[in-house]
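Colleague: Here it is: the structure, laid out below.
Please treat every number below as a calculation from the coordinates, not as lab data. Everything numeric in this text was worked out from a predicted model, so none of it was measured. Neighbour counts are summed over all protein chains in view; Cβ atoms, including those assigned to glycine, are modelled from backbone coordinates with ideal geometry.
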Amino acid sequence: MKAQLEAMRKTAEEKIAASKNRDDLESLRIAYLGKKGELTAILKQMGSLSADERPKMGQLANEVRSAIEKKITEFAEKYKEAEKRERLALETIDVTMPGKDMTEGHKHPLSIVLDEVKDIFIGMGFQIATGPEVELDYYNFEALNIPKGHPARDTQDTFYITENVLLRTQTSPMQIRYMEQHKPPIRILAPGRVFRSDAADATHSPLFHQIEGLVVDKGITMGDLKACLETLAKGLFGESTRIRLRPHHFPFTEPSCEVDVSCFRCGGTGCSMCKGEGWIEILGAGMVHPQVLRNGGIDPEVYSGFAFGVGLERIVLSRFRIDDIRLLYENDVRFLSQF
């Protein structure tokens, strides 16, 4: 048995020295020291020894076990250090290498034009006003002269949350909200998102942006409205741009008009962009209806005002000659990088 133990220790140490990694060491540990290993098999023969020989063989078996475990631990540490060095070598960072180019972000075309519009009106003394996108039916329709059953409601398919709560279909509710809280003179610009139940196509979207303008003071006239919109058109499309006002009807303004700008591609001579007309419609406007002033708590016998609403997307499409509104919302970097 002594010879078996000595031979096993020698063989085990040679195999441990010839191992290549920690997985090999674990296999050798099981082969020699496991429950079914060689050392266990030898110790099962202890019963055939005399009472004097058993203690000596037991002591020798413990020495062999300790020697093998020590050798395994020694090589395990060696392999662990080697793995660490290899991992560090792979993770080494060459600080002299050039860095990766960072792609700089920039404004979305909607933001570009909206900021320009804001700057133009702030320059004319306007304040920026904001309001809720989830609106009451009263502010979105009734206070703007559009009572229940009014035909104008049929042209604005509305997302109703409850009978009296909805996603606003226009930014015009800000007229009433602001007049309720502020006394004239009033001069505000209210940009924001609006929602209508339209199928998405090249010219329609269920979500888009409007910019509402409102001026209320003593002696405000259509001449003031025209001058204000001319300043907007020249600021956006160039100093040579002209505007024209065409009679129209809106429930919340009287008189009302639609406003066209001279085509900035052909200068008004007629082209494919303006469909040969020389003019491009951009917004609706008019003098604030007396009843709307009353609903806002303002006496129409003392004050008058004008209001206008322009679709931000309509300006952006015209400004950048984009033929599909969906491009503005799809977040395609190839498209957005052009701006």
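Colleague: If we count every other residue with Cβ under 14 angstrom of residue 65's Cβ, Lys/Arg +1 and Asp/Glu -1, where does the sum land? Could the numbers behind the result be given before it?
Modeller: Numbers: positive: 9, 29, 35, 70, 71; negative: 6, 13, 38, 63, 69.
My count for the surroundings of residue 65 gives 0.
Colleague: Per Stokes-Einstein, at 10 °C and 1.306 mPa s, what whole-number D in µm² s⁻¹ belongs to the range 136-204, with the Kirkwood radius over Cα pairs as the hydrodynamic radius?
Modeller: Working: Rh = 13.3 Å.
Rounded, D is 120 µm²/s.
Colleague: Taking the Cα centre of each part, how many Å lie between the range 35-73 and the range 217-232?
Modeller: Their Cα centres are 107 Å away from one another.
Colleague: If you line up the long axis of helix 222-237 against the longest principal axis of the chain, both from Cα atoms, how many degrees apart are they, to the nearest 10?
Modeller: Between helix and principal axis, roughly 40 degrees.
Colleague: Let me ask you something else. If I model the range 190-339 as equal point scatterers sitting on the Cα atoms and use the Debye formula, what is log10 I(q)/I(0) at q = 0.12, 0.13, 0.15, 0.18 Å⁻¹?
Modeller: Each listed q maps to, in turn, -0.59, -0.68, -0.87, -1.14.
Colleague: Moving on to the next point. Taking 8 Å as the Cα distance limit and 6 or more residues as the minimum spacing, I'd like the relative contact order of the chain as a percentage. Present the calculation step by step, with values, prior to reporting the outcome.
Modeller: Working: 497 pairs, mean separation 49.4, N = 339.
Relative contact order comes out at 15 percent.
Colleague: Something else: When 142, 81, 69, 38 are ordered from fewest to most other Cβ atoms inside 10 Å of their Cβ, what list results? Don't skip to the answer; put the middle values down first.
Modeller: Numbers: 142 16, 81 10, 69 13, 38 19.
If I rank by nearby Cβ atoms, fewest first, I get 81, 69, 142, 38.
Colleague: Also, quick follow-up: Give me the net charge for the shell around residue 274: Cβ to Cβ below 15 angstrom, other residues only, Lys and Arg +1, Asp and Glu -1.
Modeller: Values: positive: 242, 244, 246, 265, 275, 314, 319, 321; negative: 258, 260, 277, 281, 323.
Once positives and negatives cancel, what remains is +3.
Colleague: Which of 111, 50, 197 moves the most in a Gaussian network model of the chain with Cα springs under 10 Å?
Modeller: Answer for the Gaussian network model of the chain: 50.
Colleague: Lysines near residue 84 by alpha-carbon distance under 22 Å, same-chain residues fewer than 8 away left out - which ones?
Modeller: The qualifying lysines are 20, 70, 71.
Colleague: With everything on Cα atoms, drop me the angle between helix 53-90 and the longest principal axis of the chain, reported from 0 to 90° to the nearest 10.
Modeller: 30
Colleague: Also, I was wondering about something else. For each cysteine in the chain, check whether another cysteine's C-beta sits under 4.7 Å from its C-beta; list those where none does.
Modeller: For the chain, the answer is 228, 257, because their Cβ atoms have no other cysteine Cβ under 4.7 Å.
Colleague: Same structure again: With the contact rule set at Cα under 8 Å and sequence spacing of 6 or more, what percent relative contact order holds for the range 2-90?
Modeller: Working: 54 pairs, mean separation 35.3, N = 89.
Computed over the range 2-90, the figure is 40 percent.
Colleague: Taking neighbour counts of Cβ atoms within 10 Å as a proxy for exposure, in what order, fewest first, do 138, 178, 32 appear?
Modeller: On the way: 138 13, 178 19, 32 22.
The order, fewest Cβ neighbours first, is 138, 178, 32.
Colleague: In a Gaussian network model over the chain where Cα atoms closer than 10 Å are linked, find which of 75, 159, 252 has the largest mean-square fluctuation.
Modeller: Comparing 75, 159, 252 in the GNM, the peak value goes to 75.
Colleague: If you don't mind, another one. Taking 0.36 nm per intervening residue step and subtracting the Cα-Cα distance, what contour gain separates residue 249 from residue 302 on full extension?
Modeller: Working: separation 53, 0.36 × 53 = 19.08 nm, distance 2.38 nm.
Length gained, residue 249 through residue 302: 16.7 nm.
Colleague: Please report the Cα spread of the chain along all three principal axes, rounded to whole Å, starting with the longest.
Modeller: 127, 48, 35
Colleague: For a quick check: sort 169, 11 by the number of other beta carbons within 10 angstrom, fewest at the front. Show your work: numbers first, answer last.
Modeller: Numbers: 169 22, 11 12.
Ascending number of Cβ neighbours within 10 Å: 11, 169.
Colleague: What number comes out for the charge environment of residue 226, summing +1 per Lys or Arg and -1 per Asp or Glu over other residues with Cβ under 15 Å away? Walk me through the numbers on the way to the answer.
Modeller: Values: positive: 234, 242, 244, 246; negative: 224, 230, 258, 260.
That sum, taken over residues with Cβ under 15 Å, equals 0.
Colleague: A further question on this structure: Between the range 137-183 and the range 264-339, what's the alpha-carbon centroid distance in Å?
Modeller: Cα centroid to Cα centroid, the span is 20 Å.
Colleague: Which residue, 124, 287, 102, tops the fluctuation ranking in a GNM of the chain built on C-alpha contacts under 10 Å?
Modeller: Ranking 124, 287, 102 by mean-square fluctuation puts 102 first.
Colleague: If the chain between residue 30 and residue 10 were fully stretched, how many nm would it gain, using 0.36 nm times the residue separation less the Cα-Cα distance?
Modeller: Numbers: separation 20, 0.36 × 20 = 7.20 nm, distance 1.65 nm.
Between residue 30 and residue 10, full extension yields an extra 5.6 nm.
Colleague: For the chain, find the longest principal axis of its Cα atoms and tell me its angle to the long axis of helix 109-122, 0 to 90°, nearest 10.
Modeller: Between the helix axis and the principal axis of the chain, the angle is about 50 degrees.
Colleague: Relative contact order (percent) for the range 16-156, with alpha-carbon contacts under 8 angstrom and 6 or more residues of separation? Can you show the working numbers first?
Modeller: Values: 41 pairs, mean separation 25.6, N = 141.
The normalised contact order for the range 16-156 reaches 18 percent.
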